Amino acid sequence: MPVYRIRGVDVDFPYDAYDCQITYMDRVLQSLQQGNNALLESPTGTGKTLCLLCSALAWRRTYGEFLRGGGAAGGSQPSGSQQSGASATQSSPYPVIIYASRTHSQLRQVIKELKATSYRPKMAVLGSREQMCIHEEVSKLRGKAQNNGCHYLCKKRRCRHNNIVTEYMKNNTELGTEPFDIEDLVNIGRTKGPCPYYISRELSKSVDILFAPYNYLIDPGNRRSLTGISWDNAVLIFDEAHNLESICADAASFDLLTSNLTSCITEAQECIQLCSFKRSTENSAEKQFDPENYAILKALLLALEKKIGELVIDSKELGYTKPGSYIYEFLSELNITSETSKKLIETIDSASLLLEEGNSGETKAGVKAKSTVSRLETIRDMLDIIFKGGGQNHAKYYSFHVNESRQTSGDSLQVYGKASRTLSWWCFNPGLAMEEFLKLGVRSIILTSGTLSPLDSLAMELNLEFPVRLENPHVISQDQIWVGVVPVGPSGHPLNSSYRTRETVKYKQELGTVIVNFARIVPDGLLVFFPSYSMMDKCIDYWKNRNHEHSVDDSTIWQRMCKHKQPVIEPRQSSNFPNAIEDYAAKLRDPSTSGAIFFAVCRGKVSEGLDFADRAGRAVIVTGMPFSTPTDPKVRLKREYLDKQAKPSNKNPKALTGEEWYVQQAARAVNQAVGRVIRHRHDYGAIIYCDERFVWPNYQSQMSYWLKPYIKCYSKYGEVVQTLTRFFRDKVCVDPKEMDCNDSVTPPADKCLPQKIVSDSPATAVNGHRGTTVSLNATTRKNNYMKFTQITPANRTTLPMKHGCSTSSQHVSSRGQISQDSQVVDLIDNAAMHGQLKEHALKSMRLKKAKIADVSSQLKHNVESRALTGNQGQQSTPPSKRSTIEQACEKNEAIQERCGGPESTTGPAFLKLAREKLSTAEYGEFVEFMKALKLKTMHIKDSLEAIAKLFSSPGRLTLLEGFRVFVSKNHLPLYEQLVKKYTMANT
């Protein structure tokens, strides 16, 4: 295993590191050694998780060896939350690394990476009771009801799993010294008996590295429950941190629905009844059972409900909005202040315990707590946020808002037809959550992701200093990626998904035709991302019922897409998402098709957390910028808040404006979506931006750093088709690893999602990591390969040959490359110019047997040429590729021999003759008229007449006669009249 000495630290790395990986580890060590915060962006597939683990653990080991056994105290004891008496476990004397990611499935992948290293730190992983509870009854509950049921059983010592935790920990002091995840703990619980949840909590008190979801650190309540963790001098790592600012802001905000408030009032009434019952039957005089406290709580909640209902809302769109500090004035009228809130919080805590006991007393099982138990605790959380720290300074970062809407869900507590109101207190400064960590004395905060750009705005949003920053390039080479901005479609109509044009028929037609063409060109898996579910649904509905106005094919746009790839649509409901993933994987495996197309939404489930490696995602199409609804109250108020902060009077020249934030949020969602492809060192694919706004410099500046060197803006749609087709043809026919590539769809490893991926071979991640795969047989691989070599590019049609013989109008050159023209070709599928050629059909060009072709020298000629030819080179084809290519060439020759006859005048020959007969200026005019004919920028009649006029002089009548083979059947009578007109004029 290689060892790299970086900044004086020896880092064990399981593979030979790339330059960008060395750079990444250098920045991690700089941050840790200097005690600074860091923003580190590195594309997916560059191995950032592995680099992060190896460098951080190497730094930790410089303080001393990793903990063993029971940690610093030599033993581990169950938490005091379930046992009377304090735990004997002591915290680690060394800095603790706390590694956080958004979901448990992402943490599972991180732990899998840890297993691939030589490092074996003492570790723990935190999870919720929902993931870890194994109690027969409590495991069936959810949310606060589950927590309350667990608390009650542990308090009464009625949970046998909890009762044996102490003994199990004493007898297994080495637990945590080898990497494990939540499933491993659950298996221990099921086979050995101890509670996985409380084992993880106890292990977390003395570790070298702790893995936890974001909400365990950001949410104040969850963070307080992590007793025993030494925050002082700890290192916080937030992986997949591209959404961290919104998560922080949401954690510091709340939304109180009046329907939930009604449930709280019901719970308060239940507490009054329980207290009265206990006092009458048990003669209990405990303060906890004083019904007067709960009567006061109920009265306050009723008054709050009434006050919210009395607010005058003049505009349903704007709602009722006040500055954040108004919340104190609003609540003071109910006698809810910083002082009285403490009493209220105590009462609510007592109410939660009382309801647990009351419910358990009714059921005698102690676990079937009602789900409404959680409602009162929402009031507690709300008071915690409002009166945080006993002050009001944080209110300047908030807005007070009340809106009204009709309830659409069936709430039994709500009067039918009555409007529901929501009281919101929204935080617009995500830095408040980060400030809490600074108060705890953490050493460094490292944020990393594949899509953090732009870094300046993220740093400003979080209100932290980040002296260490990195925007890493990718580990792939230039020939592994194609990135293009497509501003216009085949007919020259602009592609723009803004609200002004996205509802037009012309836009939907053009976008649909573009996707049809790309579905033909792109092999295997294709992802298409829309700005919203609404936009996706409208486009698909239109495509299913309509065709392009210029197409002669009766098929709908949707049917034409399905001819090339089987479609899958991302569902709105999360419960249906696993089925969609399985469907996509199955369609990719289907040898009878050329792949699958996944229609999805930016910010949806497909755009985050899924790996579409190799064949699963050969290209991603972004159809527009996913801007949030500008009239949404939260979005509108956020923009207003930022605009106020950016005023010159605030003397903050770097402050982010509302518009800048608005654009950056959309750009970050796009960056996250395009990151679904190019998942490892040997992967390749295309990123296609189908919106003219991506041409604008201010939009391109928001793209990920690693993408910028590859971006090319195309003014002509034909150029897109030409270069993209060549890109994939080169990769399939030249890359010797293509037949053994790693082709996989890797869903989040959630228990609700399929645990399989589609693959041709065992998955190999960056530096050769392996993953779980479902292999495709060799026949499938061969069929898919041959199918791609037979696909007609989207800008060509199949030309019937004389004598009933036909061949594709495309020809594979000796390297598998194709030559084609982007200006004179059929840019709308099945439209216009080729038609059904009969007497004047083109014959195929004879292909030589496989040799490496130098296509670049023929580019200018091919742009003008209809026929496809290969310019022969000298280098021979590698033996591994010769057989397939030779077979294709020999087959082509056989077809030509059956058709018979010598090579006739073809596209290249006609163009050569045209160059000879026309002046340079006239030849340029001819090319422009051809482009106009194809793109329909001129009326077809005018285009044909202009071309015929160029050929009308006596010495050019052969051109006039010969050009008719390029005219579609529909317009041939018109051209014959022009030929007759100019022929007679010369006789």
### Message
Quick test for you: out of LEU423, LEU458, LEU432, LEU452, pick the one residue that is of a type outside the set (Phe, Trp, Tyr), in a strand (DSSP E or B) and either modelled with pLDDT under 85 or crowded, with 19+ Cβ neighbours inside 10 Å (or both).
### Response
LEU423
### Query
Looking at the stretch 148-155, is at least one residue over 31 Å from the mean Cα position of the chain (by Cα) and among the aromatic types (Phe, Trp, Tyr)?
yes
#### Entry: Residue selected from the stretch 153-178 under the condition within 17 Å of MET132 (Cα to Cα) and part of a loop (DSSP other than H, G, I, E, B), by the criterion most open to solvent (accessible area, probe 1.4 Å)
ILE164
### Matching residues in the stretch 476-494 - criterion: being out of contact with any helix residue (DSSP H, G or I) (no Cβ under 6 Å at 6 or more places or on another chain) and part of a loop (DSSP other than H, G, I, E, B)
ILE476, SER477, SER491
### Summary
When LEU447 is run through (1) surrounded by fewer than 22 Cβ atoms within 10 Å (Cβ to Cβ); (2) within 30 Å of PRO633 (Cβ to Cβ); (3) of a type in the set (A, V, I, L, M); (4) within 25 Å of the chain's Cα centre (by Cα), the failure sits at (1)
### Message
LEU464 - would you say it is among the hydrophobic types (A, V, I, L, M, F, W, C) and in a loop (DSSP other than H, G, I, E, B)?
### Response
yes
### Selection from the stretch 219-262 of residues that are open to solvent by less than 20 Å² (accessible area, probe 1.4 Å), farther than 28 Å from LEU642 by Cα and at pLDDT 90 or above
ALA234, VAL235, LEU261
#### Entry: Where CYS562 falls short, out of the listed (1) in a helix (DSSP H, G or I); (2) open to solvent by 30 Å² or more (accessible area, probe 1.4 Å); (3) closer than 25 Å to ARG668 by Cα
(3)
### Residue tally, condition open to solvent by 10 Å² or more (accessible area, probe 1.4 Å) and assigned to a helix (DSSP H, G or I), over the stretch 183-207
10
### Task
Quick one: PHE277 ticks every box in (1) over 30 Å from SER420 (Cβ atoms); (2) open to solvent by 10 Å² or more (accessible area, probe 1.4 Å); (3) not in a helix (DSSP H, G or I) except a single one, so which number is it?
(3)
### Query
If a residue has to be of a type in the set (Ser, Thr, Tyr), open to solvent by 30 Å² or more (accessible area, probe 1.4 Å) and without any contact (Cβ under 8 Å) to a residue 24 or more places away in the chain to count, how many in the stretch 485-535 make the cut?
4
### Query
Within the stretch 572-604, how many residues turn out to be under 18 Å from VAL622 (Cα atoms) and open to solvent by less than 60 Å² (accessible area, probe 1.4 Å)?
8
### Query
If we keep just the residues of the stretch 298-323 that are more than 42 Å from the chain's Cα centre (by Cα) and among the aliphatic types (A, V, I, L, M), which is surrounded by the most Cβ atoms within 10 Å (Cβ to Cβ)?
LEU300
### Message
Among the residues that make up the stretch 703-725, is at least one of them more than 30 Å from ASP181 (Cα to Cα), of a type in the set (Lys, Arg) and at pLDDT 90 or above?
### Response
yes
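The values are calculated or read from the model by the stated rules, or taken from the named source; none is laboratory data. Everything numeric here is computed off the predicted structure, so don't read it as measured data. Cβ sites come from the backbone with ideal geometry, for glycine too, and all protein chains shown count toward neighbours. Accessible surface areas use protein heavy atoms only, side chains included; no ligands, DNA or RNA. Shrake-Rupley method; radii C 1.70, N 1.55, O 1.52, S 1.80 Å.
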